Every structure is written in C-alpha cells, then in structure tokens.
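Novice: Just dropping this structure here.
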Amino acid sequence: MDKLDRKILRELDLNSRQSMSELARTLSHGRDTVEYRFSRLVEKGVILRCSAIIDPYKLGLTIYKTYLKLENLRSRRDEFLKFLNEYPRVYWIAESDGQWDMMFSVFATSAFEFYQLQQKVLATFGDLVLSFDVYTLVNLRLYHKSYFGKTKSEGTLIGGAPCVQKLDDTEFSILKILSEDARASVPVIAEKVGVSPAVARARIESMEERAIIAGYRIDVNLQKLNMTFFKAQLYLRHFGERELDALRDSCREQENITYFVEQLGACRLEIEVEAYGYENYLEILNELRSRHCGLIRNIETNLISREHFHWIPRGIKLFARDGISESAA
C-alpha cells in the first residue's frame, strides 16, 4: 500500500458511509482514482467490509462475554464453533492463544436471560469446557485505526445504561443491511426494504440522531497488513477515577490500541491492540506499564487467531412499538 491507500483507509475508518465524491474531495484526488483504489483494496482483501456501528444498549440489550479454557478435542471445538455461529444471540466469537482458548459474546435483555443462554451452551458442551470466566460489558470505546494516519476523533462510545428505543420492521431491516454494507446507497436500501428513498433516508437519519447507529467503520484483514490482534486484560491496583481517566487517555493516544473496554468481572479493564507482531505489542504494553506503574498490577495476553461477527442482534427480530417481539431471525 502507498500513502493514498492508507489515507483512504483512514478516512473510511472515520466514516465508511461517505460517498466517493466526498472521499475524493477530502483527499484532493480525482473521484475515479479514489474509487479505483478503494475497489482494489476490497479485491485484495484488505477491506473485509464496511459496517454500521450499532449500539445494542440503545435497544435495551446488554453485552455479556464468556471466556473459556477448552479440552484439546479438535472435532468438538469445531462443533462448538458451528453451534455458536448458528446460535441466535451470539454476536462475536474468537479463537485465541493464551490464557483462554475461545471467547464469545451475546446480547441479552437481562442477567437472567443471559444465564439461560449460557446455561444452554454449557450444558451442550460441558465435556469440552475446562473452566470459564464471565464479564458484563459496561462501556466500550472504539478508537479509530490511527496507524493509518493520526486523527482528532475521540472515537465512539457504546454502552451505558440500557434503554429501549423502539424500532419498527422498516428500521430493523435497514439496520440489517447497514450492518453488512454501510456503503449501500439509499435507493438500494429503499428497494430492498420496500419503501421510498425519502422514507429510507429519514429512518437512517433518525437512527443516527438517536445513536442507535453510532457511526460507520471498516473491518480490515490484519494479515494483509502484517499485523496481529491481541486482547490484553489489565488487572489494576485500585480504581481511582483520575488514574483511570489518565490510562484511558493514554490508550486513546496510542495508535495501535483500538478498543478500551470497561466491564464487570475478575478483570475490570481490557484493551484490544492491533500490532505489527509480538515485539511491537510488548513495546506498547511496556509503555503503558511505565506510564501507569502505580495503577497496572498485571496484564494477561490473548492472541486472537480468528474472529466471527454477527453485528445485528439475531434472535430479536423487532423492537416493535408495542414492545419486544422475539424471533429466530
């Protein structure tokens, strides 16, 4: 990749829904040139997809994560992965190397509902699970991929107190489309959903204003960039707000840290790092340890080898005007 490719990736990571004309103006290049470079990045597999950032907490949902240590049974692990990928409320799955072998996250409307979901998973694959930890996600800060070029953005905040902002069939259908292809045009979306372009545009703008759609981003193939994805669990000595704010600022300023997660569980903080190999990852961690030696007690590392995503809340077809409607959609 050259400088223009990286600029395109930087701008799309800030807003992957912007038009090619807008992108070309921002980069001061011809539209045809920018469109050709974008298409080439997609064809080469650098850009996996452009997707909407959906805040499930605005839909009355909470994210619960389960980290598992598994028996060394390859065939059962494959069955487990297939089960999770088909299970309606699972939205993220990762295979890892380190303290944990597998991780998965689910959407749930309550702790009780999560318990029921997790119980079914554990009952089905109890022979495979050696141990597990559970975390409730409170706040998730998505930082832009500043290694493509520095930005002034504060990133995107997801989480907080769940609140039900009701959706109808049209809005939910639009969300499903944008979660897979944030660059889908309004006329295309309108045709797929069966409404006029004016209605489709108004519904998108409404969901953006209500922060149900918190932004638009790109998913990239880190292998194509010679990069590796790590999850670092940070164990702290204390939880003073001033020290936590300082650590959060350090993570935001570090160009390879892409997520800052505040959660309930044995580990209260977690960061995600997209690094140029293990040595680069250690340099990033050592810098954090040095700057915040009085706060960080220990760090556990997990290398993520493969991920699976389902950004839209499967299993909830619709948050209708009269309440929540369940479905295996």
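Novice: Equivalent ellipsoid semi-axes for region 220-312, as square roots of 5 times the alpha carbon gyration tensor eigenvalues: give them largest first, rounded to whole Å.
Specialist: So the three semi-axes of region 220-312 are 23, 16, 12 Å.
Novice: Let me ask you something else. Sort out the exposed loop trypsin sites (Lys or Arg not before Pro) in the chain (DSSP loop, at most 10 other Cβ within 10 Å) and tell me the longest stretch that has none.
Specialist: By the stated rule (loop sites, at most 10 other Cβ atoms within 10 Å), 153-320.
Novice: Give, as a single signed number, the net charge of other residues whose beta carbon lies under 14 Å from the beta carbon of H238, with Lys and Arg counted +1 and Asp and Glu -1.
Specialist: Neighbour charge sum, excluding H238 itself: +1.
Novice: Anything over 27 Å Cα to Cα? Flag those among K58/K176; K65/K176; K120/K192, in the order listed.
Specialist: K120/K192
Novice: At q = 0.10, 0.23 Å⁻¹, what log₁₀ I(q)/I(0) does region 99-200 have when each alpha carbon counts as one equal point scatterer in the Debye sum?
Specialist: -0.53, -1.17
Novice: So what is the 222 nm mean residue ellipticity for the chain from helices alone, if each DSSP H run of at least 4 adds -39500 (n - 2.57) and you divide by all residues, rounding to the nearest 500 deg cm²/dmol?
Specialist: One gets -11500 deg cm²/dmol as the mean residue ellipticity at 222 nm.
Novice: Loop only by DSSP, 16 or fewer other Cβ within 10 Å of the Cβ. Give me the GluC sites (Glu not before Pro) in region 89-157 that pass, ordered by residue number.
Specialist: Answer in residue order: E154.
Novice: When a footprinting reagent is the concern and you count Cβ atoms within 10 Å, what order do M207, M20 take, fewest first?
Specialist: Taking fewest neighbouring Cβ atoms as first place, the list is M20, M207.
Novice: Using the alpha carbons of region 1-44, what is the convex hull volume per residue in cubic angstrom, as a whole number?
Specialist: 62
Novice: Sticking to Cα atoms, compute the Rg of the chain to one decimal and its Dmax as the biggest Cα-Cα distance, whole number, in Å.
Specialist: For the chain, the Cα-based Rg and Dmax read 20.3, 58 Å.
Each reported figure results from applying straightforward, stated rules to the coordinates on display, with no laboratory input. Note that the structure is predicted; figures quoted are calculated from it, not measured. In this analysis, Cβ positions are derived from the backbone assuming ideal geometry, glycine residues included, and neighbour counts consider all displayed protein chains.
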